[in-house]
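> Handing you a structure now.
The values are calculated or read from the model by the stated rules, or taken from the named source; none is laboratory data. The shown structure was predicted, so the numbers you read here are calculated from the model rather than taken from an experiment. Cβ placement follows ideal geometry from the backbone for every residue including glycine, while neighbour counts extend to all protein chains displayed. SASA here: full protein model, heavy atoms, side chains in, ligands and nucleic acids out. Shrake-Rupley method; radii C 1.70, N 1.55, O 1.52, S 1.80 Å.
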Amino acid sequence: MRRTRRTEPLRSLVRETRLEPAQLTYPLFVCPGEGVRREVGSMPGVFNVSVDEAVKEAEEAAQLGLGGLLLFGLPETKDEQASSAWDKDGIVQTALRALKRTAAAKKLVLIADVCLCEYTSHGHCGVVVKTAEGYEVENDSSVDVLARTAASLAVAGADVVAPSDMMDGRVAEIRRALDEAAQEQTPIMSYASKFASAFYGPFREAVDSAPQFGDRRSYQMDGANLREAMREIELDLSEGADIILMKPAMPYLDVIREARERYDVPIGAYQVSGEYSMLQAAFQKGWLEPERAMLESLIGIRRAGADFIVTYFAKDAARVL
């Protein structure tokens, strides 16, 4: 067995799983202002950027050969109904129009995250209503807002819309809203099995989206449930999802593998903020070799079955590759 491991050219020749820049998508956090480039404290090397800086990021991403960008917004105002999410002049809509005017947009897939947590004053991913027991995130009214948001983002220039909220039935309603807005060609990339995870913490700092009360376990998935994840995926595909996304990646590699074996559709995985931050912490301590550990973590996700990876390491990995 060692004969084909002797040299790097031999190892490359027989390598089973390959990682290329085009398989990597870079998340961008877009905020109001001009010339803003504010580092996220818990995510070294990741920034909140204004639209003009987002354009520069897109140009760099295109030069590096990345596959795309995943856009998140930090609105100027938040309210209980997440009205900034579907505003035609909202932060992500504005960024999409600016990006579409660049040459870089011809080389990148511009994916718009569809969720409400960044836009609601309470930090939940849907519309909150008061009940006899307290408060709950109401499913159907949330779906209405999500569909309106997805259509607004598609009209603004999103190549793909990516619902990440985990409300029931949102894919079908988003598909209907897209078609009615003359956006029939816009694919839906569904966060089909998004787990209620401790690994989202740094992201919530980046977009100021931590829930002001309770948690998200009533709508995001229980991390113990693999079979339920397959049912979620099947439902989203039946409603019209074109691509599915697993989130998080590293603690759920078995979910990626199971989905890959069951479904013959494009599958992505999101190496989330907590995965990135814990590796960065180890790098800063000198406990892990940065380049090798970064690439090994990404290869593991690809080997599990992901066709592409959303990762904050995208630019660094592309430079190495």
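> Counting heavy atoms of the protein chains only and a 1.4 Å probe, report the per residue accessible area for region 200-321 as a whole number of Å².
47 Å²
> Could you pull the accessible area for Asp79 with a 1.4 Å probe, rounded to 10 Å²?
50 Å²
> Here's a follow-up. Which percentage, to the nearest 5, of the DSSP beta bridges contained in the chain is antiparallel?
Around 20 percent antiparallel, to the nearest 5.
> Could I ask something else about it? So, with a 1.4 angstrom probe, what is the percent of accessible area on the chain that is carbon and sulfur? Walk me through the numbers on the way to the answer.
Numbers: 7020 of 14590 Å².
Exposed carbon and sulfur together represent 48 percent of the surface.
> Using the Cα gyration tensor of region 101-140, with a ≥ b ≥ c the square roots of its eigenvalues, what is the shape: rounded (a/c below 1.5), prolate (a/b larger than b/c) or oblate (neither)? Can you show the working numbers first?
On the way: a/c = 6.59, a/b = 4.05, b/c = 1.63.
It comes out prolate by the Cα gyration axes.
> Asp307 versus Asp242, label points 7 Å from Cα toward the beta carbon: distance in nm?
My value for the distance between the label points is 1.1 nm.
> On to the next question. Taking 7 Å along the Cα-to-C-beta vector as the label spot, tell me the Ala22-Glu261 distance in nanometres, rounded to one decimal.
Result for the modelled spin labels: 2.9 nm.
> Counting only protein chains, not ligands or nucleic acids, how are Met250, Met230 ordered by accessible area (probe 1.4 Å), most first?
Ranking Met250, Met230 by accessible area, largest first, yields Met250, Met230.
> For the full complex of protein chains and a 1.4 angstrom probe, list Thr25, Thr131 by accessible area with the highest value first. All intermediate terms of the calculation are to be shown ahead of the outcome.
Numbers: Thr25 10, Thr131 40 Å².
So, going from the largest accessible area down, we get Thr131, Thr25.
> Further, regarding this structure: With all protein chains present and a 1.4 Å probe, how do Val145, Val14 order by accessible area, largest first?
On the way: Val145 20, Val14 75 Å².
From most exposed to least exposed: Val14, Val145.
> Would any residue of region 96-118 have its amide N under 15 Å from a label point 7 Å out along Cα→Cβ of Gln63? List them or say none.
Residues passing the 15 Å test: 103-105.
> Any idea how far apart Ala181 and Arg97 come out in nm if each label point goes 7 Å out from Cα toward Cβ?
1.4 nm
> Could you go through region 294-308 in sequence order and give the Karplus-derived ³J(HN,Hα) for each residue, using 6.51 cos²θ - 1.76 cosθ + 1.60 with θ = phi - 60°, rounded to whole Hz, and x for Gly and Pro?
For region 294-308, the Karplus-derived couplings read 4, 5, 5, 5, 6, 4, x, 5, 5, 5, 5, x, 6, 6, 8 Hz, x marking Gly and Pro.
> In whole angstrom, note down how far apart the Cα centers of region 199-220 and region 104-136 are.
11 Å
> Something else now. Using the alpha-carbon atoms, what tilt in degrees (0 to 90, nearest 10) does helix 139-156 show relative to the longest principal axis of the chain?
70 degrees
> A further question follows. Could you order the peptides 278-285, 40-47, 70-77 from most to least packed, using the average number of other C-beta atoms within 10 Å per residue? Intermediate results must be reported in sequence, preceding the final value.
Details: 278-285: 14.6, 40-47: 16.9, 70-77: 20.5.
Descending packing order for the listed peptides: 70-77, 40-47, 278-285.
> Leaving out ligands and nucleic acids, note down the accessible area per residue over region 64-170 with a 1.4 angstrom probe, in whole Å².
Ligands and nucleic acids excluded, the figure is 37 Å² per residue.
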